[in-house]
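See structure below.
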Amino acid sequence: MASSKAERGAFFQSLKKAYTWYTGGFIIFVAVLAVMEQMGLPRNWIGYLFLIATIGLYAGIGIMSRTSDASEYYVAGRRVPALFNGMATGADWMSAASFIGMAGTLYLTGFNGLAFILGWTGGYCLVALFLAPYLRKFGQFTIPDFLGERYGGNFARTIGIIAAIVCSFTYVVAQIYGVGLITTRLTGVSFELGIFLGLGGILVCSFLGGMKAVTWTQVAQYIILIVAYMIPVVWLSVKHTGIPIPQLVYGSVLQKVTEREKQLINDPKEKEVRQIFADRAKAANDKIKALPGSVDTERAKVQKSVDDLKAANAPLTQIQAAEKALQTFPKDAAAAKSAWTKDAAVGARAAPPLQHAAVFPGKDEAARDVSRRNFLALVFCLMVGTAALPHILMRYYTTPSVKEARESVFWSLFFIFLLYFTAPALAVLAKFDVYTILVGSEYAKLPAWVASWTKVDASLLSVVDINKDGIVQLAEIAIGGDIIVLATPEIGGLPYVVSGLVAAGGLAAALSTADGLLLTIANALSHDLYYKMLDPNASTARRVTISKVLLLVVALAAASVAAQKPADILFLVSAAFSLAAAGFFPALVLGIFWKRASSWGAVLGMSSGLGITFYYMAITQPWLRGIFGVTSPIAENIWWGIQPISAGVFGVPLGFAVMIVVSLITPAPDQKTQELIEHVRYPHLATDISTEAT
């Protein structure tokens with residue numbers, strides 16, 4: 001035992017030394033690029049250098065950590081110290097949604113966006129109290145492993161595999177989408193190519209060394225992403241308040257934003273633009289109501305416009321524009337409905353700007369009640385989903401002991417707190433710059449970042465002079481939350497090297513989470529399905545090889561889906577949390593704390609919870625509705641006003657209820673299972689990993 005502790009102490013010191021040198025080297029690398037930018041280094045070269053250097057670093061760690069040993073591949077040899085496991089978990093957790101999407105959501109929704117911070121942070125309290133130490137005491141490789149042993153047989157394990165794949169695949173698609181977005185911004189390549197370039201960075205981390213490589217890569221990635229996140233927001237804080245502690249002083253900037261919002265709500269030009277959008281939405285809705293006859297009527301109007309312009313010898317550019325409009329006019333009623341529905345969506349921009357500090361905003365008490373309900377439902381789903389995500393819970397299998405599993409939850413919370421406590425400040429500071437610098441500026445003098453981001457994806461940023469006055473109004477700006485963090489350095493006027501740094505940080509966040517998710521899916525298929533259910537005699541080398549092959553296949557499948565841009569990053573991630581909450585949380589918690597929980601109870605509870613959650617998403621989320629052919633209006637399908645991302649609020653209670661009822665009417669678990677529960681329930685009695693049987 002003493003020698004083991006000595007070895008772990010020496011290992012810890014060597015890790016501290018290595019990552020201290022790494023951090024210093026990374027800072028020097030950024031400083032050198034900053035100097036080279038001032039000397040004339042082109043921006044695209046800065047992007048390429050960041051991309052090559054960071055992915056090259058991750059690839060190097062992956063190559064050095066390559067292994068075919070099952071314990072190293074699946075759980076990093078169970079020797080990751082609590083501090084470093086906390087950093088790795090922080091990186092695993094700080095996905096593209098946290099790094100890119102969260103501050104953007106706070107920018108767009110104000111107070112309501114705090115649900116993400118409350119839910120995601122609170123979830124780690126549930127992890128520490130209910131799951132992490134007990135799963136570590138269990139001491140196997142995966143979450144389906146626990147379900148299979150606790151509930152006996154392969155039924156519960158199979159449902160666990162399905163749930164792990166569904167929620168992890170949904171989550172990883174969002175990460176790869178973020179990778180494509182960032183790679184495109186760094187290098188200027190097309191979005192689709194950017195996805196597959198980034199995919200190479202994902203695979204070099206996880207393919208060769210599994211959890212061992214992923215863990216040490218994630219520690220490096222956390223350092224990059226937290227430095228990248230903090231620099232722009234500290235700069236904006238100094239710029240607007242003179243104080244480099246944005247978390248403590250952004251309240252004064254929020255007051256200025258609130259005052260500016262009041263001005264914009266009553267500004268005549270803003271009202272003019274909002275009325276134009278309202279008129280366009282009304283016209284589109286009127287045409288939709290008049291279908292199918294309106295197709296021929298509107299086509300005739302466009303044809304007449306072309307004929308009139310030709311008859312009047314109008315400028316060639318006007319005639320060509322009118323002819324293009326005629327050529328692209330919808331061919332039939334179905335195409336027309338699709339196109340005009342998009343036109344009608346601009347009606348949302350007719351509303352006054354949402355007040356950032358408004359608590360549960362809404363036009364009346366009923367609307368405010370729905371807002372409040374969705375806020376609480378989302379907090380619940382994110383908290384419970386956090387405590388049930390397989391790729392996060394797997395991290396606590398990697399610590400040397402149960403004690404360090406508990407400690408690593410604390411360190412995870414600390415490292416996550418650093419970013420989450422900063423996100424609200426970043427959103428407010430960036431909004432203040434947009435409201436005071438971009439709004440009111442001349443279209444002829446738009447900042448360069450507007451054109452840059454419009455080129456990446458017009459759906460992420462669009463600034464169009466709707467009322468033709470040459471001045472930018474707030475209502476003329478359509479900005480997606482996914483670019484707020486990435487564009488903040490340019491919005492704040494920082495050197496481009498900081499933009500490259502932030503993009504590298506976002507890439508690190510997306511890659512680190514994608515690595516963990518892909519490994520979760522591949523392990524569920526290779527370890528739980530293949531080894532535990534199909535071929536228990538498979539050699540270690542064969543199991544690891546199959547896991548690597550499956551990881552590659554799943555990665556390519558996820559990249560193909562992400563290339564279709566199915567939904568925004570935050571929706572996909574939130575959906576994954578609802579699915580994980582409904583699929584895993586009841587079975588895990590009752591499996592640990594209630595001896596009477598039976599196999600059939602777990603199987604039916606997990607199935608019903610996961611099923612109702614997915615069903616609700618399928619009938620309320622537009623993208624899924626199209627796949628499943630749902631034609632009824634969304635409003636008819638929404639239950640109590642709950643948004644689809646919070647569907648887990650229905651699945652979790654149903655899962656608990658079904659599991660309890662079925663367990664009470666089916667035979668109790670056998671004596672062996674009762675003893676397993678006793679063993680898991682008292683983690684403080686666990687021996688050190690050096691003497692504990694694995």
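Each value in this text was obtained by applying a stated rule to the coordinates, not by laboratory testing. Treat the numbers as computed from the prediction; the structure is a model and nothing was measured. In this analysis, Cβ positions are derived from the backbone assuming ideal geometry, glycine residues included, and neighbour counts consider all displayed protein chains.
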Calculate how steeply helix 316-327 sits against the longest principal axis of the alpha-carbon atoms of the chain, using the helix alpha-carbon long axis, and give the answer as 0 to 90 degrees to the nearest 10. 50
Equivalent ellipsoid, the stretch 253-361 (semi-axes from 5 times Cα gyration tensor eigenvalues, Å): 37, 19, 10
Ordering of 467-477, 122-132, 494-504, 518-528 by packing [mean C-beta count within 10 Å, highest first]: 518-528, 494-504, 122-132, 467-477
I'd like the Kirkwood hydrodynamic radius of the stretch 371-448, using the inverse of the mean 1/r over distinct C-alpha pairs, in Å. 16.6
Determine, for each peptide in 592-598, 187-193, 419-425, the mean count of other beta carbons within 10 angstrom over its residues, then list the peptides with the highest first. 419-425, 592-598, 187-193
Is there a quick way to get the dipole size of the chain? I mean about its Cα centre, with the Cβ of Lys and Arg at +1 and of Asp and Glu at -1; what is the value in debye to the nearest 20? 500
Please pull out the direction-averaged projected area of the stretch 110-268, using the convex hull of its alpha-carbon atoms, in nm² to one decimal place. 15.1
What angle, in degrees between 0 and 90 and rounded to the nearest 10, separates the Cα long axis of helix 114-126 from the longest principal axis of the Cα atoms of the chain? 0
Highest-first arrangement of 436-443, 113-120, 532-539, where packing means the average Cβ count within 10 Å: 113-120, 436-443, 532-539
Taking the Cα centre as origin and putting +1 on Lys and Arg beta-carbons and -1 on Asp and Glu beta-carbons, what dipole magnitude results for the stretch 21-136, to the nearest 20 debye? 140
For the stretch 400-519, which semi-axes, largest first and in whole Å, follow from the square roots of 5 times the eigenvalues of its Cα gyration tensor? 37, 15, 12
Nearest-ten-degree value, helix 423-433 long axis tilted from longest Cα axis of the chain: 20
For semi-axes √(5λ) of the Cα gyration tensor in Å, one of (i) 45, 31, 24; (ii) 50, 30, 22; (iii) 51, 25, 24 was computed from the structure I shared and the rest are decoys. Which label? (i)
Answer with one residue from T89, V553, G651: the one whose Cα lies farthest towards the positive end of the charge dipole of the chain, charges on Cβ with Lys, Arg +1 and Asp, Glu -1. T89
State the three equivalent ellipsoid semi-axes of the stretch 146-192, derived from the C-alpha gyration tensor as the square roots of 5 times its eigenvalues, in descending order and whole Å. 38, 7, 5
Holding the Cα-Cα limit at 30 Å, pick out from K269/K445; K289/K455; K269/K431 the pairs that are longer than that. K289/K455
Label-point separation (nm) for R542 and T328, each offset 7 Å from Cα along Cα-to-Cβ? 5.7
Using +1 at the Cβ of each Lys and Arg and -1 at the Cβ of each Asp and Glu in the chain, identify which of Y222, N467, T241 lies farthest towards the dipole's positive end. Y222
Counting just the Cα atoms, what span does the stretch 190-315 cover along each of its three principal axes? Round to the nearest Å and put the largest first. 70, 48, 35
Are there trypsin sites (Lys or Arg not before Pro) in the stretch 41-140 that DSSP puts in a loop and that have at most 16 other Cβ atoms within 10 Å, and which ones? R66
Calculate, in nm to one decimal, what F11 and K301 gain on full extension: separation in residues at 0.36 nm each, minus their alpha carbon distance. 96.8 nm
When the charge dipole of the chain is computed with +1 on Lys and Arg Cβ and -1 on Asp and Glu Cβ about the Cα centre, the Cα farthest towards its positive end, among L511, S598, A339, belongs to S598
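Cα-Cα pairs above 24 Å in the stretch 501-606: how many percent?
45
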Is any residue of the stretch 376-415 close enough, with backbone N under 13 Å, to a label point placed 7 angstrom from the Cα of Q247 along the Cα-Cβ axis, and if so, which? 413-415
Would you list, by chain and number, the aspartates and glutamates whose Cα falls below 14 Å from the Cα of K532, excluding same-chain residues fewer than 8 positions away? D145, E149
Residue-averaged [θ]222 nm for the chain, counting only DSSP H segments that reach four residues, each worth -39500 (n - 2.57): -23500 deg cm²/dmol
If you place +1 on the Cβ of every Lys and Arg, -1 on the Cβ of every Asp and Glu, and leave all else neutral, what size is the dipole of the stretch 208-279 about its Cα centre, to the nearest 20 Debye? 220
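Do any of K282/K363; K5/K672; K271/K363; K271/K468 go past 23 Å between their Cα atoms, and which? Display every interim value, and only then the final one.
Values: K282/K363 20 Å; K5/K672 33 Å; K271/K363 17 Å; K271/K468 14 Å.
Distance filter (> 23 Å) returns K5/K672.
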Between L291 and E259, what length comes free when the chain is fully extended (0.36 nm per residue of separation minus the Cα-Cα distance, one decimal in nm)? 7.1 nm
